[in-house]
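The values are calculated or read from the model by the stated rules, or taken from the named source; none is laboratory data. Source: prediction; values computed, not measured. All Cβ positions, even for glycine, are placed from backbone atoms using ideal geometry, and neighbour counts span all protein chains on display. What goes into the accessible areas is simple: the full protein's heavy atoms, side chains included, and nothing from ligands, DNA or RNA. Shrake-Rupley method; radii C 1.70, N 1.55, O 1.52, S 1.80 Å.
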Amino acid sequence: MLKVLCFTKQLGIQMNINKSLDHFMAKSGMIQADLSRGDSRISPATISLIRNNHRSPRLETMILFADMFNVKLSEFIAAGE
């Protein structure tokens, strides 16, 4: 399984962003299609690739996800550890 590494790589921390997405989607009652609506600027294909561990999100994408769920980036990342 592909591990998603982000800016904390230098600290040796690994996380699965797909777990973060699944956690906050379940908590908020959102479905994958909801994430690509509105001003998100994230395509449905990109969201699918990230959720299925086929693509690592850029920092900007993780910030957008955190904003969608109204949480701090650190809280969003921590949910996938």
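Of the residues in region 43-81, how many are at pLDDT below 90 and among the acidic types (Asp, Glu)?
Total satisfying the criteria: 1.
What number of residues within region 29-49 are aliphatic (A, V, I, L, M) and open to solvent by less than 40 Å² (accessible area, probe 1.4 Å)?
Total meeting the criteria: 3.
Considering region 1-28 alone, what residues qualify as being at pLDDT 75 or above and open to solvent by less than 60 Å² (accessible area, probe 1.4 Å)?
Matches in region 1-28: 16, 17, 18, 20, 21, 24, 25.
Given (1) assigned to a loop (DSSP other than H, G, I, E, B); (2) closer than 13 Å to residue 17 by Cα; (3) touching a residue at least 24 places away in the same chain (Cβ under 8 Å), identify the lone condition not met by residue 71.
Condition (2) is where residue 71 drops out.
Give region 57-67 a look and list any residue that's part of a helix (DSSP H, G or I) and open to solvent by 50 Å² or more (accessible area, probe 1.4 Å), or say none.
Correct list: 59, 60, 63, 67.
What is the one condition in (1) of a type in the set (D, E, K, R); (2) out of contact with any strand residue (DSSP E or B) (no Cβ under 7 Å at 6 or more places or on another chain); (3) on the phi < 0 side of the Ramachandran plot that residue 81 does not satisfy?
Of (1) of a type in the set (D, E, K, R); (2) out of contact with any strand residue (DSSP E or B) (no Cβ under 7 Å at 6 or more places or on another chain); (3) on the phi < 0 side of the Ramachandran plot, only one is false for residue 81: (2).
Counting only residues that are under 9 Å from the mean Cα position of the chain (by Cα) and within 16 Å of residue 69 (Cα to Cα), how many does region 40-50 have?
Counting residues in region 40-50 that are under 9 Å from the mean Cα position of the chain (by Cα) and within 16 Å of residue 69 (Cα to Cα) gives 1.
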